[in-house]
Amino acid sequence: MARLRGEHPTRLLCAVLDVAVSGYYRWRQRPQSARAVQDEALAEQIALAHQRSRQTYGAPRIVAELADQGVKISRRRCTRLMRGRGLRGRKKNRRRPRTTDSRHGRATPPNRLATVARPSGPNQVWVTDITYLKTGEGWLYLAAILDLWSRRVVGWALATSLHATLAEAALRRALRERRPPPGLLHHSDRGSQYVEERYVQLLATYGLERSMSRPGNCYDNAVMESFWSTFKSDTGLDHLEPDSNAQAQLAVFDYIETFYNSTRRHTSLGNLSPVAFEKHNN
């Protein structure tokens with residue numbers, strides 16, 4: 001009725017709704033209930049948390065975000081208040097074109113990832129893959145490496161082609177920043193980039209063991225598939241097209257280095273970010 005008052009006289013509205021004018025004004029002058037006041041304060045905190053998440057978090061992560069601030073709220077109440085503010089988590093678009101060419105005829109290692117124990121610490125298992133980005137200048141390709149234990153991006157690189165040097169640049173970055181011990185398991189799909197002689201030799205030089213997905217089985221590298229889906233959804237790059245390659249590169253750097261690794265919460269990590277998870281468990 002509050003919105004309608006700006007368009008129609010109050011007396012007319014009361015008559016149409018069969019409400020006494022005096023009763024309506026008494027109702028308006030009543031103080032808000034304690035529950036309503038608390039809801040309003042919570043809604044403000046929820047809106048701020050949603051903004052800090054770059055409009056990506058749904059109710060579960062908002063609940064965890066507020067819990068870290070000492071604010072307790074149920075998921076159901078959070079969902080209701082988010083709906084009242086028109087807030088929602090960003091949905092993932094799981095469709096993406098193929099970036100793997102496994103028709104290289106080279107020898108590939110078995111899927112050792114399926115047989116090893118779940119990692120209990122950092123630098124025990126890395127998983128890697130390549131995805132695409134469309135820009136106003138053409139196509140960019142992004143290679144990334146995740147630490148399977150903490151889901152942290154430990155290496156990444158961008159290039160305008162799918163040449164093996166792209167995957168190699170991401171690997172060199174990960175090796176430089178993490179300095180893993182020999183024996184780390186490196187898992188990828190069966191793409192030609194990961195069987196190139198230089199790449200295989202680099203793995204051998206640092207004592208990393210190779211593992212590859214089975215032919216045509218994306219589920220063998222499900223964590224990377226999930227990361228790409230999250231990355232595209234959170235950045236909007238599943239439907240937005242940066243004007244230039246430089247603009248896309250800035251968006252990738254900003255997401256990985258200032259948001260995903262250090263801030264974005266993971267349900268699989270107890271709603272901690274990768275960096276926070278490593279600090280808490282190391």
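Coordinate-derived values only; no laboratory data. From a predicted model like this one, the values you see are computed outputs, not experimental measurements. Note that each Cβ is placed from the backbone with ideal geometry, even for glycine, and that neighbours are counted across all protein chains shown.
If you line up the long axis of helix 222-235 against the longest principal axis of the chain, both from Cα atoms, how many degrees apart are they, to the nearest 10?
So the helix axis and the longest Cα principal axis differ by about 50 degrees.
The list [x] 25.2, 85; [y] 19.9, 80; [z] 19.3, 60 gives values of Rg and Dmax of the Cα atoms in Å, and only one came from this structure; which label was calculated from it?
From the options [x] 25.2, 85; [y] 19.9, 80; [z] 19.3, 60, the structure gives [x].
Rounded to the nearest 500, what is the chain's calculated 222 nm mean residue ellipticity when only DSSP H runs of at least 4 contribute -39500 (n - 2.57) each, over all residues?
On the way: 11 runs with 115 residues, N = 282.
The per-residue figure over the chain is -12000 deg cm²/dmol.
Three principal axis extents, largest first, for the C-alpha atoms of segment 165-277, in Å?
Ordered largest first, segment 165-277 gives principal extents of 37, 35, 30 Å.
Roughly what angle does helix 59-68 make with the longest principal axis of the chain, taking Cα atoms, 0 to 90 degrees, to the nearest 10?
Roughly 90 degrees, rounded to the nearest 10.
Choose one of SER120, LEU208, TYR141: the residue whose Cα lies farthest towards the positive end of the charge dipole of the chain (beta-carbon charges +1 Lys, Arg; -1 Asp, Glu; about the Cα centre).
In the chain, that residue is SER120.
How big is the charge dipole of the chain about its Cα centre, in debye rounded to the nearest 20, if each Lys and Arg gets +1 on its Cβ and each Asp and Glu gets -1 on its Cβ? Don't skip to the answer; put the middle values down first.
Details: 45 positive and 26 negative charges, 256 e Å.
It comes to approximately 1240 debye.
At 0.36 nm per residue, and after removing the present C-alpha to C-alpha distance, how many nm does the segment from THR263 to SER226 gain when stretched out fully? Could you put the intermediate results ahead of the total?
On the way: separation 37, 0.36 × 37 = 13.32 nm, distance 1.75 nm.
Fully extending the segment from THR263 to SER226 adds 11.6 nm.
Subtract the Cα-Cα distance of ALA246 and SER33 from 0.36 nm times their separation in residues, and report this length gain in nm to one decimal. Don't skip to the answer; put the middle values down first.
Details: separation 213, 0.36 × 213 = 76.68 nm, distance 5.25 nm.
Additional length available on full extension: 71.4 nm.
Just give me a number: lysine pairs in the chain, eight or more positions apart or cross-chain, with C-alpha atoms less than 21 Å apart.
Values: LYS91/LYS134; LYS91/LYS232; LYS92/LYS134; LYS92/LYS232; LYS134/LYS232.
Lysine pairs meeting the criterion: 5.
Stretched out fully, how many nm does the piece from ALA114 to ARG77 gain, at 0.36 nm a residue minus the Cα gap?
Working: separation 37, 0.36 × 37 = 13.32 nm, distance 3.99 nm.
Gain in length upon complete extension: 9.3 nm.
Using θ = phi - 60° and the Karplus curve 6.51 cos²θ - 1.76 cosθ + 1.60, what whole-Hz ³J(HN,Hα) does each residue of segment 171-178 get, with Gly and Pro shown as x?
5, 4, 5, 5, 5, 5, 7, 10
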